[in-house]
Amino acid sequence: MDEVLDAETRSDLRARIIVALPAVAVALTLVLLGGGVFAAGMLVLGAIMLHELFLMFSTAHPSRLGGLLGLLGLIVAAQLGDQGNVLMAMVASFPVVFLLILLQPKGGAPGISVTMLGIAWIGVALAHAVLLRRLPHGEAILIDILVGTFLGDTGAYLGGRAIGRTKLAPHVSPNKTLEGLGCGFVVAIIAVWCAGLYQDWMSGTDALILGAAVAIMAPIGDLFESYLKRDAGTKDTGTLFGPHGGALDRLDAVMFTVVTGYYVWLALS
């Protein structure tokens, strides 16, 4: 049985790597280019994730136009302004969504709720990615956060498969374990700290602080998306990454770590 599990783990890990390679290449290209190209990439990515979210909760009749306009406003505010402008764009999205829901045959409070969830969860996170990219050394910090998030997730997966026994949140995500959580936490911190070794403008202490913030928020973001999927009664949010699900499935943790990382780095720099 252990041999079968090991073979399954190796096969699944190999498939994850194959799927991840082109995504990593695209992500690195966008981060390194920065500016309007990066902002445009976040807009396209956000539109895909909004589509997945609204499809999951289609019976609530969210406003797709309202979600896209809210996302656009947040990305533009982040690219041309600061976090104050992002907050203004977020506030402005409420009446816009309300008016657009009124024009629909159906929607009501559920439609407003799901639309605003998409704007707040996805739009605000991607807007903070744009804000972070614009900070001094922002491109490197963004890469550090992505490295910590994804390697931490891999560490949690492998640790859970190898030694996982105690269920973390069985009613939300039955496969996650406390042992896996601990492995992911350690790997995420080490990953960010190691990345910081190549950045002489960031101290080892700052790298550990950033790594700890990523390690704490990543599993919360993962559980948040798992909770939504369980409530919607779906296994995956989409098929963008083939058998490994949609954009929300792969980037759920990033939606939390990039916001936290922005404010942590803002405080440290």
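Structural remarks
- When each of 200, 144 is scored by the number of other beta-carbon atoms lying within 10 Å, the sequence from fewest to most is 200, 144.
- Residue 199-residue 37 pseudo-label distance in nm [points 7 Å out on the Cα-to-Cβ vector]: 2.0
- Between the stretch 170-191 and the stretch 239-269, the Cα center-to-center distance that results, in Å: 16
- Modelled label positions at residue 208 and residue 234, each set 7 Å beyond Cα in the direction of Cβ, lie 4.2 nm from each other.
- Over the chain, DSSP H runs of length four or greater, each weighted -39,500 (n - 2.57), average out per residue to a 222 nm ellipticity of -26000 deg cm²/dmol.
- Relative contact order of the stretch 34-134, taken over Cα pairs closer than 8 Å and 6 or more residues apart, is 41 percent.
- Summary value for the chain: 18 percent relative contact order, contacts being C-alpha pairs under 8 angstrom separated by 6+ residues.
- With 10 Å bins from 0: P(r) over the stretch 71-186, alpha-carbon pairs, percent: 13, 26, 24, 27, 10, 0
- Here the gap between residue 26 and residue 165, fully extended at 0.36 nm per residue and compared with their Cα-Cα distance, gives a gain of 46.4 nm.
- In this calculation the C-beta distance from residue 18 to residue 80 is compared with R0 = 45 Å, giving a FRET efficiency of 0.75.
- Label point at residue 266 placed 7 Å out along Cα→Cβ; residues across the stretch 112-143 whose backbone nitrogen lies under 20 Å: 119-143
- Since only 96, 263, 159 are under comparison, the one whose Cα sits farthest along the positive direction of the charge dipole of the chain, derived from C-beta charges on Lys, Arg, Asp and Glu, is 96.
- Diffusion coefficient, µm² s⁻¹, Stokes-Einstein with Kirkwood Rh over alpha-carbon pairs of the stretch 182-269 at 37 °C and 0.692 mPa s: 233
- Cα-only Debye scattering, the stretch 34-134: base-10 log of I(q)/I(0) at q = 0.13, 0.20, 0.21, 0.24 Å⁻¹: -0.40, -0.87, -0.94, -1.15
- Most mobile listed residue (159, 123, 81) in the chain, GNM with C-alpha springs under 10 Å: 81
- Note on the chain: GNM, Cα springs under 10 Å; of 220, 112, 17, the largest mean-square fluctuation is that of 17.
- Rounded FRET efficiency, nearest 0.05, which uses the C-beta distance separating residue 59 from residue 88 and R0 of 45 Å: 0.90
- Residues of type lysines that residue 167 reaches as a straight line, Cα spacing below 23 Å, ignoring anything fewer than 8 places off in the same chain: 176, 229, 235
- Convex hull volume per residue in cubic angstrom - Cα atoms of the chain: 122
No value in this document is a laboratory result; all are computed from the given coordinates. Fair warning: this is a prediction, and the values are worked out from it, not measured in the lab. Please note: Cβ atoms are built from the backbone with ideal geometry, for glycine as well, and neighbour counts cover all protein chains shown.
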